[in-house]
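Novice: Take this structure, written in structure tokens, and hold onto it; I'll ask about it next.
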Amino acid sequence: MSEKEVKNLEEIFEAKIARDEKIEPKDWMPEKYRKTHIRQMSQHAHSEIVGMLPEGNWITRAPSLRRKVALLAKVQDEAGHGLYLYSATETLGISRDEMFEQLHSGKAKYSSIFNYPTITWADIGAIGWLVDGAAIINQVPLCNTSFGPYARAMVRVCKEESFHQRQGYEIMLTLCNGTEEQKQMAQDALNRWWWPSLMMLGPTDDASTHTEQSMKWKLKRKTNDELRQQFIDQTVPQADILGITVPDEDLKWNEETGHYDFGKIDWDEFWQVVKGHGPCNKERMQTRVNAWENGQWVRDAAMAHADKQADKKVKQAV
Amino acid sequence: MNKDFLIKYIYGIADNALILGQRLGELTGHGPTLEVDIATTNISLDLFGQVRSYFQYAAQLSEKEITEDDIAFLRTEREYLNVLLVEQPNRDFAFVIGRQFLFDHFHFLLLTEMQKSHDQTLVAIAKKSLKEVSYHKRFSSDWIKRLGDGTEESKQKIQTAIDDLWRFTDELFHLTEDDKKAVEEGIGVDVSKLKETYYKNVAEILEEATLEVPELKYFQEGGKKGIHSEHMGYLLTDMQYMQRTYPGMKW
Ligand SMILES: [Fe+2]
Ligand SMILES: [Fe+2]
Ligand SMILES: [Fe+2]
């Protein structure tokens, strides 16, 4: 293709996005667009899958049958989100196996929040309330992103995430209406999950790299700092209803701005976890790799069986 | 009328679903593929749903003020009446599938017969559960065929699992005193009559999967009388952790 032709295609592409039309897998797209989407979408898929682990940690110990069923269903939803996102990413010309390979080798990232341990039942409430809550704030704008398969996946995923969020909040509410011991459990969980949840919305705008390009492609509509403010403004009143305290001494309502002011985020901790040195990075990766390696013979068997069946069909046809 | 036999009869059925559901719950997030992960979690979900129906009914029948959770979480090991088969650990995927397959075929026959019970609540539960269990049976039977007629390695692994788990199958067809009473009352299913069909159906699938049907003289039993394997205590330790640590609280 000549330079002129490429230029032409680029213009058509940009115009399409500007008109709010979706880019579909078969459409021409700049290589950078493809790569950026593979990176972001696979990272999102990995987050769903790794995110199953901290919550799955409480399936066998859920405190009631009702909670057990709800937790199983939630973790199953996350697996569904992963599956859906991997499939959407595959339309860009990468296989699921390749994506797993990138996850297992550490080349691909996943949301850092899942590198924190779930040590009490209240953590299951806190994750639903805060982590699914922050995920929704990140993801709702993506329902209108430019890449069609991603936008459609997000519409479906967001519906389920808001259900998870309410369910998590309801766990917290039950704890906070319970005994002193239960209320303390809820407070302790908020103390541990609050700051990592704020970090989930990404580095501050001045430290964030891809923002401008992402805005143009509608991979992003608001900056990380705007999203973080939105999350805080929405979540603090919810903590008030629960009657537990957000662990930030500098947190206070600002009449003038109409937002909450909040304290300094420990970005050193954030980067430490991103770089692989959080409390559970090693465990999470080991678990994923083990599941994959232990499953190899199963996947091989399924493949071999399918081949044999196909052979039989061919023979019958002859 | 003293409903004690009926409550025990219900435990005998529901505990199988409870303990197998618990075992499957251990696998979530660790499956060989995402699709399998979703499927085993789904089966676990179905089983716990069934457990809730049974235990809510049993709680109603009880003269004591108890809930489904008291029944599920606060009995001693000797009071759980599940068969030994379902408490066997997830040694590898072949054991997971072998256990599921050997149980599903029984479960399917049991629920089919339970639809004829004189107890309308049990009939309703059976009808609803049967749809789910038909799916479980298809899932596990399909995997038996894939693993049996897959690679050399998978064949050997699933054969080992079937051979090992076979000793627990006979217990499925035993009747406790309470079961016998339930049968006499026209409520319970005489599981001893399901045995022949069960082994015939299971053998058919195994043969299709190019696997050997084990021949065994000696079988294990005990679960139905509350005498469990050494694995059971650890399973219960996990399952009862919250209820034991924080007695009397609402969650
Ligand atoms: Fe998500
Ligand atoms: Fe999700
Ligand atoms: Fe979620």
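Novice: Hey, what's the protein assembly as shown come to in accessible area per residue, 1.4 Å probe, Å²? Kindly include the intermediate steps, with their values, before the conclusion.
Specialist: Numbers: 25690 Å² over 569 residues.
Value returned for the protein assembly as shown: 45 Å² of accessible area per residue.
Novice: How large is ³J(HN,Hα), in whole Hz, for each residue of the range A:191-198 in order, when computed from phi with the Karplus curve 6.51 cos²θ - 1.76 cosθ + 1.60 and θ = phi - 60°, using x for Gly and Pro?
Specialist: My calculation for the range A:191-198 gives 4, 7, 9, 4, 5, x, 5, 5 Hz in order.
Novice: I would also like to ask the following. Taking the Cα-to-Cβ direction at residue A:101 and at residue B:197 and moving 7 Å from each Cα, how far apart do the two end points lie in nm?
Specialist: 5.0
Novice: Could you give each residue of the range B:105-111 its phi-based ³J(HN,Hα) in whole Hz, using Karplus coefficients 6.51, -1.76, 1.60 with θ = phi - 60°, and x for Gly or Pro?
Specialist: Once θ is set to phi - 60°, the couplings for the range B:105-111 become 5, 5, 4, 4, 5, 4, 5 Hz.
Novice: Of B:137/B:200; A:22/A:74; A:7/A:216; A:26/A:315; B:3/B:131, which pairs sit farther than 25 Å apart, going by alpha carbon to alpha carbon? Mind showing how you got there, number by number?
Specialist: Values: B:137/B:200 15 Å; A:22/A:74 30 Å; A:7/A:216 17 Å; A:26/A:315 36 Å; B:3/B:131 28 Å.
Check vs 25 Å cut-off fails for A:22/A:74; A:26/A:315; B:3/B:131.
Novice: Residue A:147's amide H: which non-local residues (gap 5+, or another chain) put their own amide H closer than 5 Å, with H modeled 1.01 Å from N in plane and none for Pro or chain starts?
Specialist: For residue A:147, the qualifying residues are A:23.
Novice: While we're on this one: By how many nm would the segment from residue A:1 to residue A:299 lengthen if fully extended, with 0.36 nm per residue of separation less the alpha-carbon distance?
Specialist: Between residue A:1 and residue A:299, full extension yields an extra 103.2 nm.
Novice: If the only charges are +1 at each Lys and Arg Cβ and -1 at each Asp and Glu Cβ, what is the size of the charge dipole of chain A around the Cα centre, to the nearest 20 debye? Walk me through the numbers before you get to the answer.
Specialist: Working: 41 positive and 47 negative charges, 309 e Å.
So the magnitude is around 1480 debye.
Novice: How many angstrom separate the Cα center of the range A:2-39 from the Cα center of the range B:1-45?
Specialist: 50
Novice: Same structure again: How much length is gained if the chain between residue B:216 and residue B:124 is pulled fully straight, taking 0.36 nm per residue apart and subtracting their Cα-Cα distance, in nm to one decimal? Write out the running numbers ahead of the final one.
Specialist: Working: separation 92, 0.36 × 92 = 33.12 nm, distance 3.67 nm.
Result: 29.5 nm gained on full extension.
Novice: I want to verify a result. In a Gaussian network model of chain B, Cα cutoff 10 Å, which of these has the top mean-square fluctuation: B:108, B:173, B:219?
Specialist: In the Gaussian network model the winner is B:219.
Novice: If I take R0 = 60 Å and measure r between the Cβ atoms of residue A:264 and residue B:113 in this structure, what FRET efficiency does the formula 1/(1 + (r/R0)^6) give, to the nearest 0.05? It would help to have the intermediate numbers written out before the result.
Specialist: Working: r = 67 Å, r/R0 = 1.12.
After rounding, the FRET efficiency stands at 0.35.
Novice: Can you tell which of A:187, A:102, A:139 shows the greatest fluctuation in a Gaussian network model of chain A with Cα springs below 10 Å?
Specialist: Highest fluctuation of the listed residues: A:102.
Novice: Okay, next question. Only sites in a loop by DSSP and with at most 12 other Cβ atoms within 10 Å count here; which trypsin sites (Lys or Arg not before Pro) in the range A:53-147 make the cut?
Specialist: Working: sites: A:61, A:66, A:67, A:68, A:74, A:96, A:107, A:109; in loops: A:61, A:107, A:109.
Filter output for the range A:53-147: A:107.
Novice: To continue, here is another question. Extending each Cα 7 Å along its Cβ direction at residue B:134 and residue A:159, get the distance between those two points in nm, one decimal.
Specialist: Those two pseudo-labels are separated by 2.6 nm.
Novice: Go through the range A:44-56 residue by residue and turn each phi into a ³J(HN,Hα) via Karplus (6.51, -1.76, 1.60, θ = phi - 60°); whole Hz please, and just put x for glycine and proline.
Specialist: With coefficients 6.51, -1.76 and 1.60, one gets 5, 4, 4, 4, 4, 6, 5, x, 5, 6, x, 7, x Hz.
Novice: Would you list which aspartates and glutamates come within 19 Å of residue A:252, measuring only between C-alpha atoms, while excluding same-chain residues fewer than 8 positions from it?
Specialist: Correct list for residue A:252: A:225, A:226, A:233, A:240, A:261, A:266.
Novice: Counting only helical runs of four or more DSSP H residues, what would the 222 nm mean residue ellipticity of chain A come to if each run contributes -39,500 (n - 2.57) and the total is spread over all its residues?
Specialist: -21500 deg cm²/dmol
Novice: Nearest 10 degrees is fine. How inclined is helix B:120-148 to the longest principal axis of chain B, computing both from alpha carbons?
Specialist: Compared with the principal axis, the helix lies near 20 degrees.
The values are calculated or read from the model by the stated rules, or taken from the named source; none is laboratory data. This one's a predicted model, so the numbers in the text were calculated from it and none came from an experiment. No Cβ is skipped: glycine too gets one built from the backbone with ideal geometry, and neighbour counts run over all protein chains shown. In case anyone asks, the SASA skips ligands and DNA or RNA and just uses the protein heavy atoms, side chains included. Shrake-Rupley method; radii C 1.70, N 1.55, O 1.52, S 1.80 Å.
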